[in-house]
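No value in this document is a laboratory result; all are computed from the given coordinates. Worth saying up front: this structure is predicted, and the values here are computed from it rather than measured. Counting neighbours? That spans all protein chains shown, and the Cβs are built from the backbone with ideal geometry, glycine included.
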Amino acid sequence: MTLQCSPRSPVAWARPWWASTSTTFPLHTAWQSVAGKPVPAASPDTAPVIGVLSLQGGVEEHLAILEQLGAHTRRVRLPKDLDGLDGLILPGGESTVFDKLARTFELAEPLKAAIERGLPTLATCAGLIYAARELENPASGQQTLGVLNVTVRRNAFGSQRNSSERILTIDGETVESSFIRAPIVTAVGDGVEVLASTQDADEEDVIVAVRQGHITAVSFHPEENGETTLHAAWLRGCRS
């Protein structure tokens, strides 16, 4: 599966995030179901080394899925943690906290440089905000990495209670996606491909997934329910 989608992907349904009956995949599972097909874990000799920005946010869930899919993982907190990575995940959480802590630990510039050099990157929810070139509604003094040529609106899906789960169609396959105080992409620049859209509370189409070369960014949390489809497709790009 290649990670791509019509710019107007339909939403099959939406439900409140707290009503989920889905369960996470067991961490000991050796074979994962991806797009309806079993995918073996990579052998240790060929497994990519994937870093997850670990300043705050949904770190553990991403680490668990990556390890399920056979990747080696590393928590990224300091510039030295970027050495030798085959890919990087900017997780969900609080983008303002990412910004403050990354600058405190002198990690922001090395992060930006690594991504600009071509390090495959998956940004989810707050990670999308942190990667964006421009924010419509930044917090006071908030800075971003500016590596993704898009404009983003923070908290566009409303409060935590307005959050929901949605089934998106991506490349003919379904991806279960948790929208929790999620951002949207309001404008895309040169070199950015729209992968998926959904509808907001006003039933307006809004962009929720984009790709710019080696950077894939989504508004939602693919990791919340143990969903592996997105990670598996992205990992194949890290191995190529």
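DSSP assigns beta bridges within the range 103-240; of those with both partners inside it, close to 75 percent run antiparallel. Which part of the range 98-125 falls in the paramagnetic zone of Asn137, meaning amide N under 17 Å from the point 7 Å along Cα-to-beta-carbon? Taking a point 7 Å out along Cα→Cβ of Asn137, the residues of the range 98-125 whose backbone N falls under 17 Å are 125. Derived scalar couplings between HN and Hα for the range 91-102 equal x, x, x, 10, 4, 5, 5, 3, 4, 5, 6, 4 Hz in order, rounded to whole Hz, by the Karplus curve 6.51 cos²θ - 1.76 cosθ + 1.60 (θ = phi - 60°), x for Gly and Pro.
Ordering Thr144, Thr121 by the number of other Cβ atoms within 10 Å of each residue's own Cβ, fewest first, gives Thr144, Thr121. Of interest is the spacing of the C-alpha centroids, which for the range 123-153 and the range 180-240 amounts to 14 Å. Put in order of Cβ neighbour count within 10 Å, fewest first, the listed residues Lys80, Lys112 become Lys80, Lys112.
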